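Undergrad: One structure, as structure tokens, below. Some questions next.
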Amino acid sequence: VVMETEDGRKLLFVQIAGLVARRIVCYVDAGDTLERGERFGLIRFGSRVDIYFPADSDIKVEIGETVVAGETILGVMK
């Protein structure tokens, strides 16, 4: 999923399903507008999401740090 901000900056989200579940549900379609913190999908039985920020972003978390959806600030785009 690629999200573009109003000023043209982009974030890339890659939802990766685990070997057991292999079920990703996407709640959005191309061209949909989302609000900050809005859910855009679900990985049934969990797994991971890789998030790619623009290169000049200020990343706020460390490798291995536990993060909480909707609470942890991952980074700030400049």
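Every read-out reported here was derived from the displayed coordinates using simple, explicitly stated rules and does not represent laboratory data. The shown structure was predicted, so the numbers you read here are calculated from the model rather than taken from an experiment. A quick note on method: Cβ atoms are made from the backbone with ideal geometry, for glycine too, and the neighbour counts reach across all protein chains shown.
Undergrad: Can we say residue 68 is surrounded by 10 or more Cβ atoms within 10 Å (Cβ to Cβ) and not in a strand (DSSP E or B)?
TA: no
Undergrad: Of all residues in segment 26-65, which are surrounded by 10 or more Cβ atoms within 10 Å (Cβ to Cβ), over 16 Å from residue 13 (Cβ atoms) and out of contact with any strand residue (DSSP E or B) (no Cβ under 6 Å at 6 or more places or on another chain)?
TA: Within segment 26-65, 44, 45 meet the criteria.
Undergrad: To continue, here is another question. Looking only at residues that are within 13 Å of the chain's Cα centre (by Cα) and of a type outside the set (A, V, I, L, M) in segment 1-26, which one is farthest from residue 73 (Cα to Cα)?
TA: 26
Undergrad: What are the residues in segment 29-59 that are within 21 Å of residue 71 (Cβ to Cβ), part of a loop (DSSP other than H, G, I, E, B) and in contact (Cβ under 8 Å) with a residue 24 or more places away in the chain, if any?
TA: Passing the criteria: 34, 37, 40, 46, 53.
Undergrad: Only one of these conditions is not met by residue 20: (1) in a strand (DSSP E or B); (2) among the β-branched types (Val, Ile, Thr); (3) touching a residue at least 24 places away in the same chain (Cβ under 8 Å). Which number is it?
TA: Failed condition: (1).
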